[in-house]
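The structure appears below as structure tokens.
Values quoted throughout were computed directly from the atomic coordinates according to the rules given, and no laboratory measurement underlies them. What you are looking at is a predicted structure, and each value in this text was computed from that prediction instead of being measured. Cβ placement follows ideal geometry from the backbone for every residue including glycine, while neighbour counts extend to all protein chains displayed.
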Amino acid sequence: MKTVAIIGVAALSLTLAGTAPALASEELAKKDGCLMCHNVSGAKKAGPSFKDSAKLGEEKILAALNDKAKHGAVKASDDDKKTLAKWIASMK
Ligand code: HEC
């Protein structure tokens, strides 16, 4: 019985580690194609690195994502954009 409990705890901690927000958001940025044009940190690609954009704050980042002139080709859902804007703003 004790063994079962230990395995249960181990499985739970693995699950929690797997849902770390930073990793989830980087996966999201990859899925939505952001990383074709942006690095998370470091050198500029087509656009600035996310770390360099963090200082803009969540609202301006979200506005830039909804700006057709800048990101007309981006097909991310509204939920994804919100999550990504929050994640990028948190890097400052
Ligand atoms: C086709 C290339 C491309 C893709 C794909 C792309 N971006 Fe951009 N992004 C740019 C360019 C170019 C700029 C710089 C625009 C400017 O300076 O006016 C930019 C600017 C930004 C900025 C800075 C805000 C600003 O006003 O300059 C952020 C934050 C950003 N992008 C996030 C994202 C996120 C998140 C995604 C994915 C959902 C994404 N981008 C997908 C090209 C892209």
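Residues whose amide H falls under 5 Å from that of ASP32, counting only those 5 or more places apart or on a different chain, are absent, with hydrogens built in the peptide plane. Taking every C-alpha pair closer than 8 Å and separated by at least 6 residues, the mean separation divided by the residue count of the stretch 21-89 gives a relative contact order of 33 percent.
If you sort the three axes of the alpha carbon gyration tensor as a ≥ b ≥ c, you get a/c under 1.5 for the stretch 21-89, which makes it rounded. Distance between the 7 Å Cα→Cβ label points at LYS82 and LYS31: 1.6 nm.
Residue by residue, the stretch 49-63 carries 3J(HN,Hα) couplings of 5, 4, 4, 5, 8, 4, 5, 5, x, 4, 5, 5, 5, 4, 4 Hz when phi is fed to the Karplus relation 6.51 cos²θ - 1.76 cosθ + 1.60 (θ = phi - 60°); x denotes Gly or Pro. The Cα atoms of the stretch 52-92 give a gyration tensor whose axes a ≥ b ≥ c have a/c of 1.5 or more with a/b no greater than b/c, which makes the shape oblate.
3J(HN,Hα) couplings calculated from phi for the stretch 79-85 with the Karplus curve 6.51 cos²θ - 1.76 cosθ + 1.60 (θ = phi - 60°) are, in sequence order, 5, 4, 4, 4, 4, 5, 4 Hz; Gly and Pro show x.
For an R0 of 22 angstrom, estimate the FRET efficiency from the Cβ-Cβ distance between LYS92 and ASN66 and round to the nearest 0.05. For R0 = 22 Å, the calculated efficiency reads 0.60.
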